[in-house]
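Undergrad: There's a structure below that I have some questions on.
The values are calculated or read from the model by the stated rules, or taken from the named source; none is laboratory data. Computed from a prediction, not measured in an experiment: that's the story for all the values here. Ideal geometry is used to build each Cβ from the backbone, glycine not excepted, and the neighbour counts take in all protein chains shown. With ligands, DNA and RNA removed, areas are computed over all heavy atoms of the protein, side chains included. Shrake-Rupley method; radii C 1.70, N 1.55, O 1.52, S 1.80 Å.
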Amino acid sequence: MLQRVVITMRLIFIKFLFICCLAASIQGCSAIKDVFSSDSSDSEKDLYGGWNAERFRTEAKKSVDAGAYEKAIKLYEALESRYPFGESSAQTQLDIAYAYYKNSDPDSAIAAADRFIKINPRSPGVDYAYYLKGLVNYNRGIGFVDRFLPTDTSQRDPGTANEAYDNFAELIRRFPSSKYVPDAQLRMIALRNNLAMHEVHVARYYMKRKAYIAAANRAAAVVEKYQRTPAVPYALQVMQEAYTELDMKDFANDAKRVYELNYPDGPPVPEHKISTLSHRVWDFIGLEK
């Protein structure tokens, strides 16, 4: 009986020591965290101590001009947190969106632009926010290879191209007098041409796999939806080939007749204005899968 009591007392004592040690370790971690947090906060205060809004803007602009976009983002965010109100607060939000765009962070750039539009629907700069969204999607996905080799971007996933087209279209619809409209219109033409040629590539992809009905339908959609684009003559060629394979002579002859009537000297715009080895390799590979 006495032995059992002694064992019980030892267990209680051990638990007590364990709880004390655990409490001490938690307090120690908390103290360490407070020290580091304090150091970080003090460091930031020392770094930007005495800075006014104009100083933040000047330094952030210098960082943007120098291509130091991450630094610019930190400065703009610090500016916004310290001066959330005022005449220039809306411009700061736009500057952050632009810095994200230049820093190759498209999701953050679009989120910042959407936030600006939501908070400042009547701001003079809201047209630029719509334009910036279009730019972000227009340039989204352009990587190292695309910048240095003339790869065929019309064979890429058209998702972001469609988004960019819609962004620019919304800008033009909402702000027809905006100074960004002329550039947006030119980009929309390029996007439309690219989207049309993408459909031709899809039709050719079906031809390679002997899915002739799908190929003919896809090519016909190009002729109907993307009139007056450089892709139309190539779509007519696919239609003629597909209908010939399907033994639909009347449809094949119609496609041939339309092609010869409108393009007696061949496509007015070469598929690749400057044909290079990389272009030919890209065509051989076909659609990205």
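Undergrad: So for region 37-60 (the condition being modelled with pLDDT under 85, open to solvent by less than 50 Å² (accessible area, probe 1.4 Å), assigned to a helix (DSSP H, G or I) and within 24 Å of Pro121 (Cα to Cα)), does at least one residue qualify?
TA: Within region 37-60, one or more residues are modelled with pLDDT under 85, open to solvent by less than 50 Å² (accessible area, probe 1.4 Å), assigned to a helix (DSSP H, G or I) and within 24 Å of Pro121 (Cα to Cα).
Undergrad: How many residues are closer than 13 Å to Tyr128 by Cβ, hydroxyl-bearing (Ser, Thr, Tyr) and open to solvent by 80 Å² or more (accessible area, probe 1.4 Å) if we restrict to region 164-179?
TA: Final tally of qualifying residues: 0.
Undergrad: Here is a further query. Report yes if Pro182 is outside any loop (DSSP other than H, G, I, E, B), under 28 Å from Tyr138 (Cα atoms) and either in contact with a Lys or Arg (Cβ under 6 Å, 6 or more places away or on another chain) or open to solvent by 70 Å² or more (accessible area, probe 1.4 Å) (or both), otherwise no.
TA: Here the answer is yes, as Pro182 does meet what is asked.
Undergrad: I would also like to ask the following. Pick out the one residue from Thr151, Thr160 that is among the β-branched types (Val, Ile, Thr), at pLDDT below 95, surrounded by 14 or more Cβ atoms within 10 Å (Cβ to Cβ) and more than 18 Å from the chain's Cα centre (by Cα).
TA: Thr151
Undergrad: Being under 15 Å from Ala231 (Cα atoms), without any contact (Cβ under 8 Å) to a residue 12 or more places away in the chain and of a type in the set (Val, Ile, Thr) is the filter here; which residues of region 172-217 pass it?
TA: Ile189
Undergrad: A further question follows. Before we move on, is Glu77 open to solvent by 70 Å² or more (accessible area, probe 1.4 Å), at pLDDT 70 or above and assigned to a helix (DSSP H, G or I)?
TA: yes
Undergrad: Another question, if that's okay. Ala231 versus (1) in contact with a Phe, Trp or Tyr (Cβ under 7 Å, 6 or more places away or on another chain); (2) closer than 22 Å to Pro268 by Cβ; (3) surrounded by 19 or more Cβ atoms within 10 Å (Cβ to Cβ): which is the lone unmet condition?
TA: Unmet for Ala231, out of (1) in contact with a Phe, Trp or Tyr (Cβ under 7 Å, 6 or more places away or on another chain); (2) closer than 22 Å to Pro268 by Cβ; (3) surrounded by 19 or more Cβ atoms within 10 Å (Cβ to Cβ): (1).
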